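Colleague: Have a look at this one.
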Amino acid sequence: MSPATSPRVPRHPFQVDLHGVVDLFARHLYSSPRVYLRELLQNAVDALTARRLLEPDCPGLVRLSAWGGDGLQVRDTGIGLTRDEADDLLATIGRSSKRLDDLETARADYIGQFGIGLLSAFMVAEEVELWSRSARDPAAAPVRWVGRADGTYTLDEVGQDEYGDVVPGAEPGSVVRLRPRIDQAHWLNLETVQALASDFGGLLPWDVAIEARLDDGETLWRRLTATEVPWRAAYRSPAQREEALAAYCAQTLGFRPLASIDLAVPVVGLTGVAFLLPSPTSPMNNNTHRVYLKRMLVGAQVPGVLPPWAFFVRCVVDAASLRPTASREALYEDDVLLATRDALGRAVRDWVVQLLAEDSPLRRAFVSTHHLAIRSLALQDDDLLDLAARLLPYETTLGPMTLEEFREHEGVIRYAATVEDYRRVAPVARAQGLGIVNAGYVYDADLLARLERHRPDWRIHPLATQDVAARLSELAPADELSCLDFLLAASEPVRELGCELTVRSYSPAALPALLLTDADVEHQRALRRAQDEVDGLWGGLLDDFAEPHAERRLVLNFDNSTVQALVSTTDPEVRTAGVRSLYVAAQLLAGEPLRGREAEVMNESLATLLRRAAG
């Protein structure tokens with residue numbers, strides 16, 4: 001037998017530093033001391049649930065009131081505790097009243113799972129006092145437990161009269177009293193308590209009320225909980241329900257939605273509603289939602305409830321079987337949550353498909369506001385892909401139109417995969433009547449690539465250099481002859497920039513130069529830039545992938561007066577500076593940034609032209 005298991009070796013309990021535990025709660029488990037009230041409400045609700053198992057008609061009350069000047073009192077009509085239960089449960093950190101054998105079968109009815117609710121009160125309290133009388137054992141004497149922040153506690157039985165001074169009528173239940181820490185007294189202020197209780201417990205099915213004292217000294221109780229969950233309440237008409245949900249969304253989430261989507265996953269006891277955001281939002285924003293567990297708030301910004309593509313809605317849900325994390329401020333990522341997320345995603349997707357199927361003011365508002373969301377969903381769903389092609393407007397050189405309209409007009413869909421590629425050719429393509437779709441914005445290129453696979457008969461392909469070059473007119477023989485010497489002399493200065501030089505005639509005449517390229521050419525340019533930045537072995541490896549003839553094409557417009565002046569010049573410095581300036585201008589027109597080499601070329605060319613202009 002090892003020494004660790006030998007009966008001769010004495011065993012000692014761990015010594016727990018309560019200050020350290022409270023610091024652990026405040027810094028690492030809970031996001032804020034404000035959750036102390038949620039834990040107290042949770043304990044009260046679980047006690048009420050336990051008593052209802054014994055007495056279905058017992059009162060279900062939770063009362064919040066001031067105590068001792070700056071303290072707080074929380075009273076419930078729950079199951080209560082005997083001395084033995086209090087000694088067993090409150091003397092051991094982490095022990096939970098939900099673990100009692102006679103209540104274990106009803107564990108699913110409880111919110112709390114970790115048995116640290118009362119201990120969390122020490123984040124704001126110097127002393128915690130508990131008075132309790134058991135409903136399971138009416139003959140047992142009431143008990144009084146007092147815990148202190150130094151880690152000590154006292155527990156004793158009290159007489160019925162003494163307990164009756166705390167609980168009028170000496171009814172079963174519990175009273176928790178908090179004496180605040182000096183630096184945390186603001187958390188026990190009744191206005192703060194009311195705001196916290198309304199936030200955490202506003203949907204609880206119990207009568208939770210807070211003390212309100214009038215000027216004449218009379219005390220009233222203001223109920224903080226709703227009688228019914230808003231999305232499950234009965235309304236006289238669908239319009240009234242929609243307006244009520246919109247008002248609830250404005251009050252709870254801070255915006256009035258375009259529409260609401262009912263959510264339900266019966267297998268986990270989930271119901272709720274998804275609210276459609278009234279303004280565009282980025283898919284990069286955090287997708288968080290308001291989640292309740294058995295009508296107690298888990299968190300106002302819980303991630304992972306819906307799939308990432310559903311960034312255009314915010315939802316409020318209440319569930320019975322989802323698993324909270326230890327802090328009960330988020331949900332545990334398990335198979336149940338994954339299945340729930342998929343089910344909620346299908347509900348939102350089905351609503352979107354149904355909405356887009358028929359024309360309506362809501363559909364037009366949705367398409368205008370959340371076209372990015374439709375694009376995102378279309379990347380994963382063929383039904384939405386067809387609807388996106390039919391409904392979503394795209395920027396094209398023929399004007400705004402849908403992909404379906406563009407195909408009917410052109411018979412083929414050519415698309416520029418980046419905004420720079422589109423801007424580079426759009427002026428010329430527009431003047432020549434060449435239809436090109438701008439697919440440079442988020443999701444567009446991927447969506448068109450998916451549509452190409454889904455609809456092979458639509459003839460969809462990325463824009464190629466030849467598509468534009470074929471629309472540029474060859475020069476007349478006499479003009480081509482006049483440009484021959486210029487081309488021979490000017491080709492070398494632009495070749496140093498990785499570009500081939502040609503001269504064509506095209507509209508608009510005001511455009512002096514056009515820079516043509518495609519994906520393969522840009523890949524080779526990126527490869528060469530990488531070669532310039534590295535040397536030795538890695539540079540040699542990159543040589544195997546380089547294609548020496550992959551170049552951009554700078555096409556000068558012979559119909560442009562600047563180009564004609566440049567062609568006719570006999571000054572070699574002006575010719576070199578002029579053609580390089582046109583290259584940089586074409587690059588800027590395409591929206592490309594000027595890197596170090598291009599900026600240097602622009603400065604040198606401008607300096608040369610200015611010197612020549614000054615004589």
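Just so you know, all these numbers are worked out from the coordinates, no wet-lab data involved. All values derive from a computational prediction rather than experimental measurement. Note: ideal-geometry Cβ built from the backbone for every residue, glycine included; neighbour counts use all protein chains shown.
Colleague: Can you give the charge dipole size of the chain about its Cα centre, rounded to the nearest 20 debye, using +1 on the beta carbon of Lys and Arg and -1 on the beta carbon of Asp and Glu?
Modeller: On the way: 64 positive and 88 negative charges, 109 e Å.
The calculated dipole for the chain is roughly 520 debye.
Colleague: Now for a different question. Starting from the Cα of Glu480, step 7 Å along the direction of its Cβ; do the same at Asp262; then give the gap between the two resulting points in nm.
Modeller: With each label point 7 Å from Cα toward Cβ, the separation is 7.3 nm.
Colleague: Something else: ³J(HN,Hα) across the range 502-513 via Karplus (A = 6.51, B = -1.76, C = 1.60, θ = phi - 60°), whole Hz, x for Gly/Pro?
Modeller: Values, residue by residue: 9, 10, 9, 10, 7, 9, x, 5, 6, 8, x, 8 Hz.
Colleague: Given a Förster distance of 41 angstrom, what is the FRET efficiency for Leu338 paired with Glu408, based on the Cβ-Cβ distance and rounded to 0.05? Could the numbers behind the result be given before it?
Modeller: Working: r = 42 Å, r/R0 = 1.03.
That pair, Leu338 with Glu408, gives E of 0.45.
Colleague: From the backbone phi of the range 391-400, what are the Karplus-calculated ³J(HN,Hα) couplings (6.51 cos²θ - 1.76 cosθ + 1.60, θ = phi - 60°) in whole Hz, Gly and Pro given as x?
Modeller: 10, 7, x, 10, 6, 9, 6, 9, x, x
Colleague: Residues with amide H under 5 Å of Leu224's amide H, sequence separation 5 or more or different chain, H placed in the peptide plane at 1.01 Å from N; which?
Modeller: Amide H to amide H, under 5 Å and 5 or more residues apart or across chains, Leu224 pairs with Val208, Ala209, Ile210.
Colleague: Sort out for me the Cα centre separation of the range 446-461 from the range 236-297, rounded to whole Å.
Modeller: Distance between centres, Cα-based: 35 Å.
Colleague: Suppose only helical runs count, i.e. DSSP H with n ≥ 4. What mean residue ellipticity at 222 nm does that imply for the chain under -39500 (n - 2.57) per run, divided by all residues and rounded to the nearest 500 deg cm²/dmol? Mind showing how you got there, number by number?
Modeller: Working: 21 runs with 242 residues, N = 615.
So the calculated ellipticity at 222 nm is -12000 deg cm²/dmol.
Colleague: Modelling each spin label as a point 7 Å along the Cα-to-Cβ direction, I'd like the His186/Glu242 distance in nm, to one decimal.
Modeller: About 4.3 nm, to one decimal.
Colleague: Of all beta bridges DSSP finds with both residues in the chain, what is the antiparallel percent, to the nearest 5?
Modeller: Details: 61 of 80 bridges.
Close to 75 percent.
Colleague: Another question, then. For a label point 7 angstrom out from the Cα of Asp199 toward its Cβ, which stretches of the range 300-320 have the backbone nitrogen within less than 14 Å?
Modeller: From the range 300-320, the list is 300-302.
Colleague: Taking the Cα centre of the range 275-417 as the origin, how large is its charge dipole in debye, to the nearest 20, when only Lys and Arg (+1) and Asp and Glu (-1) carry charge on their Cβ atoms?
Modeller: About 680 debye.
Colleague: Shifting gears a bit: Specify the angular offset, from 0 to 90 degrees and rounded to the nearest 10, of the alpha carbon long axis of helix 484-495 from the longest principal axis of the alpha carbons in the chain.
Modeller: The helix 484-495 is inclined about 30 degrees to the chain.
Colleague: Could you work out how far apart the two model spin labels at Ala470 and Asp359 are, taking each label as a point 7 Å from the Cα in the direction of the beta carbon, and quote it in nm?
Modeller: Label-label distance for Ala470 and Asp359, simple model: 3.5 nm.
Colleague: Report, in degrees rounded to the nearest 10, the 0 to 90 angle that the Cα long axis of helix 444-454 makes with the longest principal axis of the chain.
Modeller: Long axis of 444-454 versus the principal axis of the chain: about 90 degrees.
Colleague: Cβ neighbours within 10 Å, averaged per peptide: list 318-326, 359-367, 120-128 in order, most packed at the top. Working shown, then result.
Modeller: Details: 318-326: 18.1, 359-367: 13.3, 120-128: 22.8.
Ranked from most to least packed, the peptides come out as 120-128, 318-326, 359-367.
Colleague: As an exercise, use a Förster radius of 41 Å and the Cβ-Cβ distance of Ala599 and Arg459 to find the FRET efficiency, rounded to the nearest 0.05.
Modeller: Numbers: r = 41 Å, r/R0 = 0.99.
Efficiency for this residue pair is about 0.50.
Colleague: Report, in degrees rounded to the nearest 10, the 0 to 90 angle that the Cα long axis of helix 419-432 makes with the longest principal axis of the chain.
Modeller: Tilt relative to the chain: about 50 degrees.
Colleague: Cα convex hull of the chain: mean projected area in nm², to one decimal?
Modeller: Mean shadow area of the hull around the Cα atoms is 46.7 nm².
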